[in-house]
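The values are calculated or read from the model by the stated rules, or taken from the named source; none is laboratory data. Predicted model, so just to flag it, every value in this text is computed and none were measured. Using ideal geometry, Cβ is built from the backbone for each residue, glycine included, and neighbour counts are taken over all protein chains shown. Surface areas here come from the heavy atoms of the whole protein model, side chains and all, with no ligands, DNA or RNA. Shrake-Rupley method; radii C 1.70, N 1.55, O 1.52, S 1.80 Å.
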Amino acid sequence: MSAATKTNEGLYDCRDAFSKTLEALAEADDRVVAVVNDSVGSSKLGGFKKRWPERLVNVGIAEQNMVGVGAGLANGGRIPFVSCASCFLTGRALEQVKADVAYSNTNVKLCGQSPGIGYGELGPTHHSIEDLAWLRPLANLVTIVPSDPWETEQAIRFAAAYEGPVFIRVSRYPVPALEHKIDRIEPGKAEVMREGTDVAILANGVMLHKALRAAEVLAEGGVSARVVNMAWMNPLDIEAIVDAAGTGAVVTVEEASVRGGLGGAVAETLALRRPVPMELVGFPGFVPTGTVDFLFDHFGLTAAGIAAAARKAISRKE
Amino acid sequence: MSLSTASAPVSGADRIDMVRAKALNIRRSAFTMVHEAQLGHPGGDFSAADILATLYFGVMRYDPNEPRHPDRDRFIMSKGHCTGAFYSVLAQAGFFPEAQLKTYMQPLSKLNGHPNRNYLPGIETNTGPLGHGLPVAVGIAIAGKLTAKDYRTFVLTGDGELQEGSNWEAAMAAGHRKLNRLTVIVDRNRLQQGDRTEATNSLDPLDDKWRAFGFHVEMIDGHDHAALLDVLGADPESRDKPLCVIANTIKGKGVSFMEDNVSWHHGVPTDEQFAQAMKELI
Ligand SMILES: Cc1ncc(C[n+]2csc(CCOP(=O)(O)OP(=O)(O)O)c2C)c(N)n1
Ligand SMILES: [Mg+2]
């Protein structure tokens, strides 16, 4: 938890873990550079800029150029962390991400800041609930959706050490530090956070702690729920998904569209390997105006909503 | 039915006074909204207020009761983050009740942080991601030529926004097609989100850039109502090129402690700062 900064009530903004880890990496390795789009503040890279002004490349409000420049910096032997609001990084620059990063298989680290509905009232243009669906088919692009500051730090450290393209979601929505039973993340490995036999809840990002709370709610009603951390979208832990279906019912939970993201990945896997009743918790499409918490409540991305989805999946068992 | 400029019967000096009064109202209204929501982009609201007031109360033809009238002049707020000012001018122009401004960014409000054309009349296209307005405006202007309409198309961009390449793709197309009824207004406040434009990714010489892309360029004081009325009101048939108005402005214009201060890009006021600002905005 070294890199974490506490916000109120033991909750953490994962951007702090991101920027502190990046500074630590930059101190140890002068190949590490940051590339931004007028997003120094929103990426919390003010400290990085102060210490290494020449290693922070601010291309201005120009995301397509930003990702291309990142690929060029990798070509020149740098390790670029391209940091930008996830909506613009993955939406505006999608073809650069595809061609210059994933297809070219370049050593670029894409850091999607404030993903999901992190921008709340600013609305769907600034939300990034489509990013997982857009990026999931891109071969080569390792994709990680960390759930808390420790996992964010781990993902950033992994990305720096790994030779190849990586996308990491960096959340701003305040989350608790979770209890992990592993002491380092392992590529493509799902982490069972809680054992259970009646239903499996597969979640990632800022929804993981809500899934854990849902499991407690379910336990009070005598339902045993397994909770699996699906931080790795690519590579995907196929065996963990198939194993989860052994409970007979599966729920996916993500701060993303229900189309094409984690829910889609799990549904594809189970349709081929082990079909069981499934419920997908996430956003149905463009959301109305509201604070982040209002929108989570409105669409049932809450412990109660997840528990209800779990009961529904269980009720559909043969 | 015929369309008219809101202020059509008003003559020269009176019109300037009217635009000035409307601009002041926009600033007061926008800052009230930002203060209540504790969210928004007041610096850019204030730099754009005089431009918006001039367009809606001195230049554009529209009918708020028939917001999709095919002959209306079109306005696109490409710097879509400045909804405090944009919603305020739309309400003042009669597109929706001013009382609705109180719901700014509240849950389920139609006044989303960035404008949504499916929520409110008077919005041509959804903006928020920078660099989207001009391409859409170019399409509207081409449609105007195809249908032999005489409407004008206006688009307001930020200056930092011009770092987006999409603007220059659209500018090239507009120049190539000699879209003389298209007007781009650049809110040249020299600040973007985190720094000065020239310290981030410099734009100067900005007038030469637009000229090179086939535009007629006018550089004016973007807070001078007479100059704005003059340049924006000029007959577009007098030129055979699209027009770019580089409006030199001050971010935060009108409130001493906000002017030319980057922290007010999305800074929001305390109660004391709000009271102080309201004293200055008279
Ligand atoms: C494509 C895109 N990238 C980044 C942003 C985030 N952003 C919002 S406003 C802003 C600065 C805009 O500066 P400028 O265009 O100069 O506007 P103004 O000074 O008038 O507020 C940025 C970077 C965005 N809205 N869209
Ligand atoms: Mg500006």
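Miscellaneous remarks
- In chain B, the calculated helix contribution to ellipticity at 222 nm averages -11500 deg cm²/dmol per residue, counting -39,500 (n - 2.57) for every DSSP H run with n ≥ 4.
- Working from Cα pairs under 8 Å separated by at least six residues, relative contact order for chain A is 17 percent.
- Solvent exposure ordering (accessible area, 1.4 Å, most first) of A:VAL69, B:VAL255: A:VAL69, B:VAL255
- Taking all protein chains together and a 1.4 Å probe, the residues B:ASP224, A:ASP16 rank B:ASP224, A:ASP16 from largest to smallest accessible area.
- For A:SER147, the residues whose modelled amide H falls within less than 5 Å of its own, excluding neighbours fewer than 5 places apart on the same chain, are A:THR152, A:GLY205.
- Inter-chain Cβ neighbour average for residues B:123-135, partner chain, 10 Å: 3
- Taking θ as phi - 60° and the Karplus parameters 6.51, -1.76 and 1.60, the scalar couplings of the range A:163-177 work out to 9, x, x, 9, 10, 10, 7, 10, 8, 9, 4, x, 10, x, 7 Hz in sequence order, x denoting glycine and proline.
- Look at the stretch B:77-84: the mean tally of other chain Cβ atoms within 10 Å of its residues' Cβ atoms is 1.
- Karplus-derived 3J(HN,Hα) values for the range A:70-87, using 6.51 cos²θ - 1.76 cosθ + 1.60 with θ = phi - 60°, are x, 4, x, 4, 5, 4, x, x, 8, 10, x, 9, 8, 10, 6, 3, 4, 4 Hz; glycine and proline are entered as x.
- Whole-number accessible area per residue in Å² for chain B, which is evaluated in the context of all protein chains at 1.4 Å: 38
- Measuring only protein heavy atoms, the 1.4 Å probe finds A:HIS209 accessible over about 20 Å².
- Gyration tensor verdict on the range A:191-313 (Cα atoms; rounded if a/c is under 1.5, prolate if a/b is larger than b/c, oblate otherwise): oblate
- Cα pair distances of the range B:17-134 binned at 10 Å [whole percent]: 15, 50, 32, 2
- Rounded to whole Hz, the Karplus (6.51, -1.76, 1.60) HN-Hα couplings of the range B:48-57, x for glycine and proline: 8, 4, 6, 5, 5, 4, 5, 4, 7, 10
- The residues of the range A:97-131 occluded by other protein chains by 50 Å² or more of accessible area, set against the chain on its own, are A:GLU121, A:LEU122, A:THR125; surface from heavy atoms, 1.4 Å probe.
- Shape call, the range A:231-283: gyration tensor on alpha carbons, a/c limit 1.5: oblate
- Alpha-carbon centroid distance for the pair the range B:191-265 / the range B:113-142, whole angstrom: 20
- Estimated [θ] at 222 nm from DSSP helical runs (n ≥ 4, -39500 (n - 2.57)) normalised by residues in chain A, nearest 500: -9500 deg cm²/dmol
- Acute angle (nearest 10 degrees) that the helix A:262-273 long axis makes with the longest principal axis of chain A, alpha-carbon atoms: 60
- Normalising the average separation of contacting C-alpha pairs (under 8 angstrom, six or more residues apart) by the number of residues puts the relative contact order of the range A:61-106 at 48 percent.
- Long-range amide H partners of B:GLY80 with built H, under 5 Å: B:GLY128
- Inter-centroid distance (Cα atoms) of the range A:210-267 relative to the range B:150-172, Å: 45
- Calculated on the alpha-carbon coordinates, the convex hull of the protein assembly as shown measures out at 163 cubic angstrom per residue.
- Exposure of A:MET233 as accessible area (Å², to 10), given a probe of 1.4 Å and all protein chains: 10
- Distance from the range A:59-85 to the range A:121-159 (C-alpha centre basis), Å: 17
- B:GLU237 accessible area, 1.4 Å probe, all protein chains in place, Å² to nearest 10: 110
- Remark: accessible surface ordering of B:LEU182, A:LEU212 (largest first) is A:LEU212, B:LEU182, probe radius 1.4 Å.
- Members of A:LYS44/B:LYS22; B:LYS22/B:LYS79; A:LYS44/A:LYS189 lying beyond 31 Å, as alpha-carbon distances in this model show: A:LYS44/B:LYS22
- Rel. contact order, % - alpha carbon contacts under 8 angstrom, at least six apart, the range A:10-176: 29
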